[in-house]
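Each reported figure results from applying straightforward, stated rules to the coordinates on display, with no laboratory input. Since we're looking at a predicted model, the values are computed, not measured. Methodologically, a virtual Cβ is constructed for each residue, glycine included, from the backbone with ideal geometry; neighbour enumeration extends over all protein chains shown.
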Amino acid sequence: MQRRTLLKNLGMAVPAALLAKQAGAASFLETLAGEKMAKGPFQPTWDSLRQYQVPDWFRDAKFGIWAHWGPQCQPEHGDWYAREMYMEGNHHYNFHVKKYGHPSVFGFKDVINEWKADKWNPGELLERYKKAGAKYFVALANHHDNFDLYNSRYQPAWNSVKMGPRKDLIDGWAKAAREQGLHFGVSVHAAHTWSWMETAQRADKSGPYAGIPYDGRITKAGGKGKWWNGLDPQDLYAQNHPLSENSYDNGMIHRQWNWGNGVAVPTKEYCEKFYNRTVELINKYDPDLVYFDDTALPLWPVSDAGLRIAAHMYNRSIKNKGSLQAVINGKILDEVQRQCMVWDIERGQSNEIETLPWQTDTCLGDWHYNRSVYNDKRYKSAKTVIHTLADVVSKNGNLLLSVPVRGNGTIDDEEIKIVDGITRWMEINSEAIYGTRPWKVFGEGPAMEEAAPLSAQGFNEGKGKPFGATDIRFTQKQDALYATLLGWPENGKAVIKSLAAGSSLYPKEIQRAELLGNKQALSFERTSEGLIITLPQQPPAESYAVVIKLV
């Protein structure tokens, strides 16, 4: 059977130009020497994956915390360090030259060697996160830098057991999460190393190092007398290939993310290595959730590796747990793909109640730890996190919050204060979060009128009108309706317009209103203006969001 026919049968619309570039045998569904796909009802096609049903544990959990932590956190200089340290004139490049030396001499592989994670205590962190109300925890398994943070058979040299911390970080995170009774997940980003690390093939255009290549094309032969003697940097950088079209346009990576617009198409060997690494990760550490930082699934549409991984994870879950308990997150999904996994929105929120469960992922600061965010006090506040959580949950979503981890494995004192602020709010109000479902409308108030639309994978966070006391978000559970006020009314009265007398949204009588954390009944009246509730004279300590329970 010809390759194009195979692709067609898989539901893959792949341009002929891409197929012509991809190396490999005629059939890439042949039996491989690596990891086998688990057998079961799911096949590696979009049509088959549409059988998926989101497990109740995820729908009920609502709140997770993420450690987006790897060797790029060692410099403590922020996001995408491993790519941008090779971009002449970029702030990461300038920092790197000053701190470490020129990237032709001291490359990202050498940053990995500097990283020791010597103060990492996963048990202590997970205990704090559980107190903050997290019901699941996600750990970075690899980033676009291609370094595996676990004992990887298929990345045998460039992993955290063999160098850097010399620890199995995923194993440590998994054990700590399960000791706290949390569901455990991993995030996988390495599918894009092929194009993301192309900057390492460059050289300075000016200055004393002009024309001297960075270390992106260096091979095993260059290691004589070096700390990495006997290792092949190409197993990490994956740059022994021609550049993508317009590769020197630093923004082109975003327009080529979906493996199009002239991107250099990865070889079959690269795709199969990614498949094997990821399936081994699933088999060895048994995550309940896998987050992919990809459009749809990894390497789609130039390879079916991501489809095979998804089918494997679902089939394996059914076999080992008796029912499908696995969750896969993917970005920029079409209507069919949203039935196959859980849609993830990065740094943004949907503007409506979604029929299917979804997730927002965001971060207190930068994804990779950035000391300047701490110094300049630019973290999200506990108030902002709680407002985001209330908004997301009201629309059938979950919030996955990244708390940046320092290179040494700790979180800083400002982050501790924020997490503890979340803890205090959740101790009182989590009843309106866990196990809830959306109401007939998600909310009311002026912020809804100025909501910003989604852009690409999300990125509408903070672009709308700030939340205030007249912005209300609803959830329901059993016979209770919860109205979360995103602020404390100055006059001591809450007005809920959606519950006005005669409202078709809530035609039955309201028997009781109470403030969570205070069991005393609140006085109220229903008028044509709305449900008017008289609140206590003194607001609670965490009054940036208060929950009124109505039955």
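Observations
- Debye, to nearest 20: dipole size of the chain, +1 on Lys, Arg Cβ, -1 on Asp, Glu Cβ: 920
- Average projection, convex hull of the Cα set of region 179-259: 9.3 square nanometres.
- The chain: relative contact order in percent, alpha carbon pairs under 8 Å with at least 6 residues between: 16
- Share, in percent, of DSSP beta bridges within region 29-346 that are antiparallel, nearest 5: 5
- Length added when fully stretched, Asn283-Val105, from 0.36 nm per residue minus Cα-Cα: 60.3 nm
- Asp294 long-range amide H proximity, modeled H, under 5 Å: Lys331
- Listed residues Asn375, Phe274, Phe58: farthest to the positive end of the dipole of the chain (Cβ charges): Phe274
- Each of the peptides 169-175, 140-146 was scored by the mean count of other Cβ atoms within 10 Å over its residues; in descending order, highest first, they stand as 140-146, 169-175.
- For the chain, the longest principal axis of the alpha carbon atoms and the long axis of helix 413-429 meet at an angle near 40°.
- Among 418-424, 97-103, sorting by the average number of other beta carbon atoms lying within 10 angstrom of each residue, highest first, gives 418-424, 97-103.
- Within region 443-550: Cβ-based charge dipole about Cα centre, in debye rounded to nearest 20 (Lys, Arg +1; Asp, Glu -1): 240
- Projecting the Cα positions of Ala238, Trp257, Gly225 onto the charge dipole of region 218-264 (unit charges on Cβ atoms of Lys, Arg, Asp and Glu, taken about the Cα centre) puts Gly225 furthest along the positive direction.
- Computed from the C-beta positions of Arg512 and Lys131, the FRET efficiency with R₀ = 30 Å rounds to 0.50.
- Region 29-346: translational diffusion in µm²/s, Stokes-Einstein, Kirkwood Rh over Cα pairs, 4 °C, 1.567 mPa s: 64
- Furthest towards positive pole of dipole, Gln457, Pro438, Gly468, structure part region 433-484, Cβ charges: Pro438
- Test item: Cα-centred dipole of region 197-314, Lys/Arg +1 and Asp/Glu -1 on Cβ, debye: 420
- Karplus-derived HN-Hα couplings along region 329-339 (A = 6.51, B = -1.76, C = 1.60, θ = phi - 60°), whole Hz, x at Gly and Pro: 9, x, 10, 6, 9, 7, 5, 5, 5, 5, 7
- Derived scalar couplings between HN and Hα for region 85-100 equal 5, 9, 10, 3, x, 5, 4, 5, 4, 4, 4, 4, 4, 5, 7, 10 Hz in order, rounded to whole Hz, by the Karplus curve 6.51 cos²θ - 1.76 cosθ + 1.60 (θ = phi - 60°), x for Gly and Pro.
- Helical contribution to [θ] at 222 nm, DSSP H n ≥ 4, -39,500 (n - 2.57), averaged over the chain, rounded to 500: -7500 deg cm²/dmol
- When each of Lys383/Lys519; Lys99/Lys130; Lys130/Lys273; Lys131/Lys508; Lys205/Lys226; Lys116/Lys465 is checked by Cα-Cα distance, pairs over 32 Å: Lys99/Lys130; Lys130/Lys273; Lys131/Lys508; Lys116/Lys465
- When Trp227, Trp300, Trp57 are sorted by how many other C-beta atoms sit within 10 angstrom of their C-beta, beginning with the fewest, the order is Trp227, Trp57, Trp300.
- Remark on Cys363: its backbone amide H falls under 5 Å from those of Ser402, a criterion applied only to residues 5 or more positions apart or on other chains, H modelled at 1.01 Å from N.
- Mean Cβ count within 10 Å, highest first, over the residues of peptides 537-544, 481-488: 481-488, 537-544
- In order along region 292-307, the phi-based Karplus estimate (6.51 cos²θ - 1.76 cosθ + 1.60, θ = phi - 60°) of 3J(HN,Hα) comes to 9, 8, 9, 5, 6, 10, x, 6, 6, x, 7, 8, 8, 4, x, 4 Hz; Gly and Pro are listed as x.
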